[in-house]
2 protein chains.
Amino acid sequence: MPATPRRTRSDALQNRERLLEVAAQAFAEQGLDTAPAAIAKQAGVGVGTLYRHFPTREVLIDAAYRRQLTQVCEKVNDLLAQHPAAEATRMWMEHFIHYATAKSGMSEALNAVIASGIDPYSDSRVLLTDAVATLLAAGARDGSLRTDVTPDNVLLLMGGIAYSVQHGTEEQARPLVDLFMDALTKDSSAS
Amino acid sequence: MPATPRRTRSDALQNRERLLEVAAQAFAEQGLDTAPAAIAKQAGVGVGTLYRHFPTREVLIDAAYRRQLTQVCEKVNDLLAQHPAAEATRMWMEHFIHYATAKSGMSEALNAVIASGIDPYSDSRVLLTDAVATLLAAGARDGSLRTDVTPDNVLLLMGGIAYSVQHGTEEQARPLVDLFMDALTKDSSAS
DNA sequence: AGTAATACCGGAACTTATTCCGTTTAAAGT
DNA sequence: ACTTTAAACGGAATAAGTTCCGGTATTACT
């Protein structure tokens, strides 16, 4: 048994970084169904290398969009600092939707991440879940949001909205966000 | 130019029917990712025949689940005949969810159909849209449902719920249905 | 019934995604 | 500096999905 926790090779790190860069650009320009082989080639590595770093399409997408997603999720803290929970939530959802419409491929990516309950522990999913959890917790504290909803519930429905937006415009998503917010802000003593 | 609108060959019809039967069973037993080749083989035809009748996976799924979906959608009329619109809607949603949890593969199929805004004119999608539209219209008539929501909006969110149910239990879906119904029954004069 | 036209059939060929494995090369120890 | 070790590499091999085309069987017509 090799008890040598040898550290990661430097070329491996570089290749990984390169792949991520290329993938992010390729996804944005040509959509999520860009051929893995093409990405590998442009990054100057073999497909084997790509698959070793990112075993499935999902993992690659997840990693490629992580940075952007991080930005979206960080917005939560800013918003909560300046607005009551319910309002912050609405604003965040709109921010989220805006992002989904603005960045080509983003909503596809979001859905790939959100809808894949298969792997609830992907980094991006954790990121999103935490963001929503923070909002819900704040809502519970100031009493502006109902307490019988889980972050997963919210994410799932937001994924649905993002998906619909993908084929429509930001304006078309508005009614859905309104609808959803109405539901979230309703007194939680129902039923 | 052959102006002979020759009628469809009888063996073609039989094959199509056979494929549908086999596909429905295979999907139910082994999930939606059953290999096309396997379905074709069990139906005793070549893959070419399968693809001619059902050009994409979606079309096949759509066709295979049509009958079951029809049943679910027909329930709308029964429910509306005996209950006010809002209550009928809630009951129908629960029926829908129940179906999604009971029939293995059903929620996958539902999502394949609903989430594929790509082809808004698939037969099953029309079926579902009509069902929801009927409910919403009834709600508008008796004033129990808000009027600023489209059937597509509703379907999309129901798809999300169905998807979450796929990985959970019927009970876990309840809060989401409640949430959604709260939103739908809320006064539509908002904002 | 016999024949011509053509819709349909089956599976081979092609394409694209994923896995596997012999070779290379950076890292750690001498 | 040199050797050892195994992590990482590239691309060939495999698997799965989809298209294409030569052959066959059904229909419509005589």
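The values are calculated or read from the model by the stated rules, or taken from the named source; none is laboratory data. In this text, all values refer to a predicted model and were calculated from it rather than measured experimentally. Note: ideal-geometry Cβ built from the backbone for every residue, glycine included; neighbour counts use all protein chains shown. What goes into the accessible areas is simple: the full protein's heavy atoms, side chains included, and nothing from ligands, DNA or RNA. Shrake-Rupley method; radii C 1.70, N 1.55, O 1.52, S 1.80 Å.
Does B:Ala24 satisfy the criteria of being open to solvent by less than 80 Å² (accessible area, probe 1.4 Å), more than 14 Å from DNA strand C (Cβ to nearest atom) and more than 14 Å from chain A (Cβ to nearest Cβ)? Give the derivation first.
Numbers: open to solvent by less than 80 Å² (accessible area, probe 1.4 Å): yes; more than 14 Å from DNA strand C (Cβ to nearest atom): yes; more than 14 Å from chain A (Cβ to nearest Cβ): yes.
Yes; evaluated as a whole, the condition is true for this residue.
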- Query: Among the residues of the stretch A:27-64, which ones are charged (D, E, K, R) and either surrounded by 12 or more Cβ atoms within 10 Å (Cβ to Cβ) or more than 10 Å from DNA strand C (Cβ to nearest atom) (or both)?
  - Reply: A:Glu29, A:Lys41, A:Arg52, A:Arg57, A:Glu58, A:Asp62
- Message: Residue pairs, Cβ under 7 Å, 6 or more apart or interchain, first in the stretch B:126-151 and touching a residue at least 40 places away in the same chain (Cβ under 8 Å), second among the aromatic types (Phe, Trp, Tyr) and not in a loop (DSSP other than H, G, I, E, B). List them.
- Response: B:Leu135/B:Trp92
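Taking the options B:Asp123, B:Asp130, B:Asp142, name whichever one is more than 19 Å from the chain's Cα centre (by Cα) and under 22 Å from B:Glu74 (Cβ atoms). Break it down into steps so the answer makes sense when it comes.
On the way: B:Asp123 fails: more than 19 Å from the chain's Cα centre (by Cα); B:Asp130 fails: more than 19 Å from the chain's Cα centre (by Cα).
Every option except B:Asp142 fails the conditions.
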- Task: Considering each of A:Ala109, A:Ala85, A:Ala138, A:Ala133 in turn, give the residue that is open to solvent by 20 Å² or more (accessible area, probe 1.4 Å) and either within 23 Å of B:Leu157 (Cβ to Cβ) or assigned by TED's automatic domain parsing to the domain that holds A:Arg174 (or both).
- Result: A:Ala133
- Does B:Glu74 satisfy being within 19 Å of B:Leu155 (Cβ to Cβ), surrounded by fewer than 17 Cβ atoms within 10 Å (Cβ to Cβ) and acidic (Asp, Glu)? yes
- Query: Looking at (1) hydrophobic (A, V, I, L, M, F, W, C); (2) surrounded by 15 or more Cβ atoms within 10 Å (Cβ to Cβ); (3) at pLDDT below 80, can you tell me which one A:Leu176 breaks?
  - Reply: (3)
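Does the stretch B:104-117 contain at least one residue that is at pLDDT below 85 and at positive phi?
Pass one, the stretch B:104-117, residues at pLDDT below 85: B:104-117.
Remaining after also requiring at positive phi: B:105.
Scanning the stretch B:104-117, I find at least one residue that is at pLDDT below 85 and at positive phi, so the answer is yes.
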- Give the residues of the stretch A:147-167 that are facing chain B (nearest Cβ under 8 Å) and of a type outside the set (Ser, Thr, Tyr), sorted by residue number. A:Asp148, A:Val149, A:Asp152, A:Asn153, A:Leu156, A:Leu157, A:Gly159, A:Gly160, A:Ile161, A:Gln166, A:His167
